[in-house]
Amino acid sequence: MAKDSFDTLRVHAGYKPEEHQFASSVPIYQTAAFGLSNTDVANQIVAGKLPDRFDYSRDGNPTVHVLEQRIAALEGGIDAVAVGSGMSAISFTILNVAEGGGRVIAPTNIYGSSLDEFRNFFPKYGINFDLVDDVNDFATIKSLIQEDTKAIYVESVANPSTEISDLEELAKIAHAAKIPLIVDNTFPTPYLLRPFEHGADIDFYSSTKGINGHGNALSGLIVDHGNFDWANGKFPQFEEDEFILGDEESGEKNSYLSKFGNAAFINRIRSKFVRLLGSVLGPTDAYFVLLGLETISERLNKQVASTVAIAKFLESNEHVESLFYSGTEASNPLVAKYFPKGVGSILSFELKGDETNIAKLIDNVQIFSYLPNIGDAKSLIVNPGRTTHREVPQAIRSKHQLNNQTIRLSIGLEDVDDLINDLDTAITKAFS
Ligand SMILES: *Cc1c(COP(=O)(O)O)cnc(C)c1O
């Protein structure tokens, strides 16, 4: 048994039962603080010299720590930090890489709240975004790189079009410019795609979605590949002396780079952003994520197979104008290159007719739940133009075929024939 295969790591990595009363299931350390034993031990704990000891759950918690170690192992990363939501993962990652101001290149067809943050919020803090409509338009992306560009940011699979980013080409462009490639890998989950194998430097998740898989807790995960050279002169925030990393008594001084080397990025996320801005993941929510992760492969295998079957059903339905699902595009070279196990469990389609037909379809499904989430064990339906992508301006939506006739589905674990019948009946009712 290879100890480092994905299916073994997802249930074992990061957890040593012998250190937890041999508990089979990772214990939930539902506590805000941890005893410091005595003043000598306390000094060592707060100086970070006893990595197995914790002091306060905003700085670290044993349950959350297992999740962090597990996702880092699954990704082939050097370390990971868990946070309270996917949006925190995005915000902390961008702030860490572009602190002090700068530019980030990103596509326009990203998650609605991410786009809103990039267009309307981060610029107020001196971080500006150069947005491209086509994530694989390499010439335009190259032309947008300036002296103060700090990163290229993409979603591996776009929401809801499922367009695939060519990570290897994007990584080459980023690395030639001495900047990292940052990947939101929420849609595929690490089971279907591990961005570090394709040159990404940082990736992150809304683990609220497919990693957890049960729609019961918000969470986010940031993972560091550990290969990027933060000492290349473009990122002074990692090179400056930090009071908290030094020692006043001995006069020792440290920067994130001098103290953590190639793990500077992820340690800075933990001790600056999580510690100072909060957005901590609670131990019970971390436990839910760990529990979901244990069955990720089986869930995704079934969900991908059902999604392909549903895509084929929709493709041949007379009321469907067009289907958006890379998973059934036999001639798309990016599918073979990045997604041998399938593209995922989310698809979208454009319904003929008008919004009254959309309303009737949504109001007539029985098994699908009408709610704004993805990656649940339950199948979900939503009209993104009116809900999840409300924050995206019309001009951008129309470039990505995202009009008010678009429906997004996230396929769960129900019987696939029941799901197809549910859609078939609801579509028929929508046009009668
Ligand atoms: C849901 C989602 C987010 C935001 O995650 P939250 O956990 O809801 O904060 C970010 N990116 C993508 C692709 C998402 O689907």
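The values are calculated or read from the model by the stated rules, or taken from the named source; none is laboratory data. Values in this document were obtained by computation on a predicted structure and should not be read as measured data. A quick note on method: Cβ atoms are made from the backbone with ideal geometry, for glycine too, and the neighbour counts reach across all protein chains shown. All accessible areas refer to the heavy atoms of the entire protein, side chains included, with ligands and DNA or RNA removed. Shrake-Rupley method; radii C 1.70, N 1.55, O 1.52, S 1.80 Å.
Answer with yes or no whether ARG119 is of a type in the set (D, E, K, R), in a helix (DSSP H, G or I) and open to solvent by less than 20 Å² (accessible area, probe 1.4 Å).
On the way: of a type in the set (D, E, K, R): yes; in a helix (DSSP H, G or I): yes; open to solvent by less than 20 Å² (accessible area, probe 1.4 Å): no.
Against the criterion (of a type in the set (D, E, K, R), in a helix (DSSP H, G or I) and open to solvent by less than 20 Å² (accessible area, probe 1.4 Å)), ARG119 does not qualify.
Restricting the search to region 235-257, which residues are open to solvent by 40 Å² or more (accessible area, probe 1.4 Å) and of a type in the set (Phe, Trp, Tyr)?
Selection gives PHE243 alone.
Looking at SER410, SER369, SER379, can you tell me which residue is open to solvent by less than 20 Å² (accessible area, probe 1.4 Å) and more than 16 Å from ALA158 (Cβ to Cβ)?
On the way: SER410 fails: more than 16 Å from ALA158 (Cβ to Cβ); SER369 fails: open to solvent by less than 20 Å² (accessible area, probe 1.4 Å).
Result of the check over SER410, SER369, SER379: SER379.
Please determine whether any residue of region 235-250 is of a type in the set (Val, Ile, Thr) and within 16 Å of the ligand (Cβ to nearest atom). Spell out how you get there, then give the answer.
The initial filter retains those residues of region 235-250 that are of a type in the set (Val, Ile, Thr), namely 244.
Among the residues that remain, those that are also within 16 Å of the ligand (Cβ to nearest atom) are: none.
The answer is no, given that none of the residues of region 235-250 is of a type in the set (Val, Ile, Thr) and within 16 Å of the ligand (Cβ to nearest atom).
VAL81: open to solvent by less than 20 Å² (accessible area, probe 1.4 Å), assigned by TED's automatic domain parsing to the domain that holds GLY126, within 30 Å of LYS124 (Cβ to Cβ) and not in a helix (DSSP H, G or I), yes or no? Even if it seems obvious, please write down each step before you answer.
Numbers: open to solvent by less than 20 Å² (accessible area, probe 1.4 Å): yes; assigned by TED's automatic domain parsing to the domain that holds GLY126: yes; within 30 Å of LYS124 (Cβ to Cβ): yes; not in a helix (DSSP H, G or I): yes.
Yes: the conditions hold for VAL81.
Could you tell me which residue of region 217-231 is farthest from GLN69 (Cα to Cα), considering only residues that are part of a strand (DSSP E or B) and within 16 Å of the ligand (Cβ to nearest atom)? If you could, list the steps in order and put the result at the bottom.
Within region 217-231, the subset part of a strand (DSSP E or B) is 220-224.
With the extra rule that they be within 16 Å of the ligand (Cβ to nearest atom), the set shrinks to 220-223.
On the way: GLY220: 14, LEU221: 11, ILE222: 11, VAL223: 10 Å.
Applying the filter and picking the extreme gives GLY220.
So which residues in region 97-108 are within 16 Å of the ligand (Cβ to nearest atom) and out of contact with any Leu (no Cβ under 8 Å at 6 or more places or on another chain)? Before the answer, list the steps.
Of all residues in region 97-108, those within 16 Å of the ligand (Cβ to nearest atom) come to 104, 106-108.
Selection gives VAL104 alone.
Any residue at all in region 123-139 that's closer than 17 Å to ALA395 by Cβ and under 17 Å from the mean Cα position of the chain (by Cα)? It would help to see each step written out before you state the result.
As a first pass, look at region 123-139 and keep what is closer than 17 Å to ALA395 by Cβ: 129-134.
When the remaining residues are screened for being under 17 Å from the mean Cα position of the chain (by Cα), the result is none.
No, the conditions are met nowhere in region 123-139.
Got a sec? Which of SER85, SER24 is within 16 Å of the ligand (Cβ to nearest atom) and modelled with pLDDT of 95 or more?
Numbers: SER24 fails: within 16 Å of the ligand (Cβ to nearest atom).
None of the others qualify; the one that does is SER85.
Using the structure shown, decide if LEU67 is surrounded by 12 or more Cβ atoms within 10 Å (Cβ to Cβ) and either among the aromatic types (Phe, Trp, Tyr) or touching a residue at least 40 places away in the same chain (Cβ under 8 Å) (or both).
Details: surrounded by 12 or more Cβ atoms within 10 Å (Cβ to Cβ): yes; either among the aromatic types (Phe, Trp, Tyr) or touching a residue at least 40 places away in the same chain (Cβ under 8 Å) (or both): yes.
Yes.
Could you please give the count of residues in region 149-183 that are small (Gly, Ala, Ser), part of a helix (DSSP H, G or I) and surrounded by 24 or more Cβ atoms within 10 Å (Cβ to Cβ)? So that I can check it myself, show each step before the final result.
Taking region 149-183 first, the residues small (Gly, Ala, Ser) are 151, 156, 158, 161, 165, 171, 174, 176-177.
With the extra rule that they be part of a helix (DSSP H, G or I), the set shrinks to 171, 174, 176.
Imposing the further condition that a residue be surrounded by 24 or more Cβ atoms within 10 Å (Cβ to Cβ) reduces the set to 174.
Residues meeting the conditions: 1.
I want to confirm something. Restricting to region 197-216 and keeping residues that are of a type outside the set (Asp, Glu), buried (at least 24 other Cβ atoms within 10 Å of the Cβ) and more than 13 Å from SER85 (Cα to Cα), which single residue is nearest to the ligand (Cβ to nearest atom)?
GLY210
Please determine whether any residue of region 139-149 is within 16 Å of the ligand (Cβ to nearest atom) and modelled with pLDDT of 95 or more.
Residues of region 139-149 within 16 Å of the ligand (Cβ to nearest atom): none.
No: zero hits.
For region 281-323, which positions are open to solvent by less than 10 Å² (accessible area, probe 1.4 Å) and within 18 Å of GLN69 (Cα to Cα)?
LEU281, ALA286, VAL289, LEU290, GLY292, LEU293, ILE296, listed by residue number.
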